[in-house]
1. Please verify whether the stretch 61-77 includes one or more residues that are acidic (Asp, Glu), farther than 27 Å from Gln36 by Cβ and either exposed (fewer than 15 other Cβ atoms within 10 Å of the Cβ) or in contact with a strand residue (DSSP E or B) (Cβ under 9 Å, 6 or more places away or on another chain) (or both).
2. Determine whether Gly135 is without any contact (Cβ under 8 Å) to a residue 40 or more places away in the chain and either at negative phi or crowded, with 17+ Cβ neighbours inside 10 Å (or both).
3. Restricting attention to the stretch 88-103, which residues are surrounded by 22 or more Cβ atoms within 10 Å (Cβ to Cβ) and over 12 Å from Leu39 (Cβ atoms)?
4. On the basis of being surrounded by 14 or more Cβ atoms within 10 Å (Cβ to Cβ) and within 25 Å of Pro156 (Cα to Cα), does Gly193 make the cut?
5. Does the stretch 210-242 hold any residues that are polar (S, T, N, Q) and assigned to a strand (DSSP E or B), and which are they?
6. Check whether at least one residue in the stretch 143-166 is charged (D, E, K, R), in contact with a Pro (Cβ under 8 Å, 6 or more places away or on another chain) and modelled with pLDDT under 95, and report yes or no.
7. Only residues that are touching a Pro at 6+ places or on another chain (Cβ under 8 Å) and within 24 Å of Asp208 (Cβ to Cβ): list them for the stretch 239-257, please.
8. Being under 21 Å from Lys114 (Cβ atoms), in a helix (DSSP H, G or I) and either at pLDDT 95 or above or not acidic (Asp, Glu) (or both), is that true of even one residue in the stretch 197-207?
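The values are calculated or read from the model by the stated rules, or taken from the named source; none is laboratory data. Predicted model, so just to flag it, every value in this text is computed and none were measured. As a convention, Cβ positions derive from the backbone with ideal geometry for all residues, glycine included, and neighbour counts pool all protein chains shown.
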Amino acid sequence: MTSDNPQDTAAGDSPRHAASARGASARGALRNPPSQTPLGQRFTEFMLQSNALKFGDFTLKSGRRSPYFINAGAFDDGRKIATLGAFYAEKISQSITEGKLPSRIDTVFGPAYKGIPLAVSTSIALASMQGMNVGYTFDRKEPKDHGDGGIMVGSPLKDGMKVLLVDDVMTAGTAVREVVPKIKAEADVQIVGLVLSVDRMEKTKDCDLSAVDAVEREFGFPVISIANVREIFDSAKRMVTLDGSRLLTDDVVSAADEYLAKYGA
């Protein structure tokens, strides 16, 4: 979810600068995994090929030095956003089967601004790939005082609706705390969950809980990710480029282990 708070940016802590990036984005340079490959591994490769995931040495706005960087803004064309929506739809369907989400979802809500294409593409993919005709809704940053007016766009929120939130990366959960009251003020809906692209699995500055755990405890709905950072690194460790070299160098692997030991929740 988008936020001006440096602890909760839309791209998951956009870097002030990126030093020693080792070219490990591997755009178009990875071998395709078999179709039975786990969802988290397929999503990791998709992020790499889209240049949305990079490994190296990055200083984040939070001040932490991270061995990886996720740029959700890299999903910037029709094919990428359609594929991203398909991953969300697959994870939602999987979570319904596992009992983590209800079989009835009335609308997918994406907070402005980067949540807007997520909500739309997920709704389309649910209809075309999963046979689920689900609405999409997003908010305006400022209420509209003419035309249809209001602060919400898309499928209108009504009492009793089951709403599923979608977002890219959660760092501190600030944006969730901003958007939930806006949704509740619009109608007496039930927020049934939040689906993220990546769970960073990091402690917040305030406690040893991860942002995901803190949000689940505070709001009482499940927070589900297509992949988490440990799955991403486990997958990337097994990947090789077309020339046969390992995707991750020993330095990056070591830095990742140290980072997760220090900040992991």
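1. Start the filter on the stretch 61-77 by keeping residues that are acidic (Asp, Glu), which leaves 76-77.
Cutting the leftovers down to farther than 27 Å from Gln36 by Cβ gives us 76-77.
Subset that is either exposed (fewer than 15 other Cβ atoms within 10 Å of the Cβ) or in contact with a strand residue (DSSP E or B) (Cβ under 9 Å, 6 or more places away or on another chain) (or both): 76-77.
Checked against the condition, which is being acidic (Asp, Glu), farther than 27 Å from Gln36 by Cβ and either exposed (fewer than 15 other Cβ atoms within 10 Å of the Cβ) or in contact with a strand residue (DSSP E or B) (Cβ under 9 Å, 6 or more places away or on another chain) (or both), the stretch 61-77 yields at least one hit.
2. Values: without any contact (Cβ under 8 Å) to a residue 40 or more places away in the chain: yes; either at negative phi or crowded, with 17+ Cβ neighbours inside 10 Å (or both): yes.
Answer is yes for this residue.
3. Keep residues of the stretch 88-103 that are surrounded by 22 or more Cβ atoms within 10 Å (Cβ to Cβ), which gives 88-89, 91-92, 101.
Passing the criteria: only Leu101.
4. Details: surrounded by 14 or more Cβ atoms within 10 Å (Cβ to Cβ): yes; within 25 Å of Pro156 (Cα to Cα): yes.
Taking the combined requirement at face value, the residue satisfies it.
5. Let us first name the residues in the stretch 210-242 that are polar (S, T, N, Q), namely 210, 225, 228, 235, 241.
The answer is Ser210, Ser225, Asn228, Thr241.
6. Taking the stretch 143-166 and keeping what is charged (D, E, K, R), we get 144-145, 148, 158-159, 162.
Still in the list and also in contact with a Pro (Cβ under 8 Å, 6 or more places away or on another chain): 162.
Remaining after also requiring modelled with pLDDT under 95: none.
So far as the stretch 143-166 goes, no, none of its residues is charged (D, E, K, R), in contact with a Pro (Cβ under 8 Å, 6 or more places away or on another chain) and modelled with pLDDT under 95.
7. Taking the stretch 239-257 and keeping what is touching a Pro at 6+ places or on another chain (Cβ under 8 Å), we get 252, 255-256.
Those that are touching a Pro at 6+ places or on another chain (Cβ under 8 Å) and within 24 Å of Asp208 (Cβ to Cβ): Ala255, Ala256.
8. Within the stretch 197-207, none of the residues are under 21 Å from Lys114 (Cβ atoms), in a helix (DSSP H, G or I) and either at pLDDT 95 or above or not acidic (Asp, Glu) (or both).
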